[in-house]
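Shown next, in structure tokens, is the structure this report addresses.
The values are calculated or read from the model by the stated rules, or taken from the named source; none is laboratory data. The structure displayed is predicted, hence computed values, not measured ones. Note that each Cβ is placed from the backbone with ideal geometry, even for glycine, and that neighbours are counted across all protein chains shown. The protein model used for the area step is the full one, side chains on, heavy atoms only, and it has no ligands, DNA or RNA in it. Shrake-Rupley method; radii C 1.70, N 1.55, O 1.52, S 1.80 Å.
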Amino acid sequence: MGGARCSRDQQGRRPGGRLAGVRTSWHTVDDGDFFCPGCGGDRSYRRRTGRRRFVLLGVPLVSRGEVAPVLECAACRGHFGTEALDHPTTDRLSLLLRDAVHAVALTVLTAGGHESRAAREAAVHAVHSAGYTARTEEQLLTLLTALSAERSAETDSVSAEIELHEALAPLAPHLAAPGRESLLLHGARIALADGPYCAPEREALAAVGRSLCIDEDDVERLLAEAARMPF
């Protein structure tokens, strides 16, 4: 973490420069990693606060107030608003996507496919492709058993949708429509691995669509398209 630094584009007097002007002195208060909008990739940043001062002959005189905090990219040196931290880093996005696929697979299996070997294999393939390469069929069954034990019959569907929403909601704003639809189709392929959708599977997939902010009509269209696809 560094100390104060003056902005380069608003200085006091320089040889052959201005006699007076406004200078911003920056101070680093934090650092970390973020997705830099300027570089288009994961970079280190410094969170900086600044104070503007009127400068005459290179001497700071009158305070002109504070400026909004900024994130300074360590690579491009660009300044960005702190809202840039709302966008996950590439690594964080990969983890969110991995956890989302895992949650969708568990949701669909819990709804009606856990007794089918074909459905379980489809779920394992889905979570492997998302990054859970060490997840096994036996581990999925253990998780399903634990989930079933935690939920009563009366609250089962409500608890499942709440947990699903917690896994998918943080990811949904950062995915374009094709990405959100792809997640739903992961679940559809698991549900179809052992035959046509059963009613609980349709309800589970509808919950996936709601958590991903996919319109109900689009959910029905995507499920119909998945049912016509060869496996």
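Worth pointing out:
- For segment 43-123, a simple Cβ point-charge model (Lys and Arg +1, Asp and Glu -1, everything else neutral) yields a dipole of about 660 debye relative to the Cα centre.
- Length gained when the stretch D31-E83 is fully extended (0.36 nm per residue, less Cα-Cα span): 17.3 nm
- Phi angles across segment 105-110 convert, under the Karplus curve 6.51 cos²θ - 1.76 cosθ + 1.60 with θ = phi - 60°, into 3J(HN,Hα) values of 4, 5, 4, 5, 5, 4 Hz, Gly and Pro given as x.
- Nonpolar atom fraction for segment 64-199, defined as the carbon and sulfur part of the 1.4 Å probe accessible area, stands at 55 percent.
- Charge dipole (the chain, unit charges on Cβ, about Cα centre) - positive-most of L222, L171, V29: V29
- Solvent accessible area, Å² - H79, 1.4 Å probe, full protein context: 70
- Probe 1.4 Å - accessible area at R202, Å² to nearest ten: 100
- Counting only Cβ charges, +1 for Lys and Arg and -1 for Asp and Glu, the dipole size of segment 17-153 around its Cα centre is about 1080 debye.
- Ordering E163, E201 by accessible surface, largest first, gives E163, E201; the 1.4 Å probe counts only protein heavy atoms, with every chain in place.
- Between L184, L95, L57, the residue with the greatest mean-square fluctuation in the GNM of the chain (Cα pairs under 10 Å linked by springs) is L57.
- Accessible area of the chain divided out per residue, in Å², using a probe of 1.4 angstrom: 55
- Candidate residues L61, L106: accessible-area rank, largest first, probe 1.4 Å: L61, L106
- For A207, the shell of other residues with beta-carbons less than 11 Å away shows a net charge of -2, using +1 for Lys and Arg and -1 for Asp and Glu.
- Overall Cα dimensions of the chain, principal axis frame, Å, largest first: 81, 34, 32
- Modelled label positions at C213 and E137, each set 7 Å beyond Cα in the direction of Cβ, lie 3.8 nm from each other.
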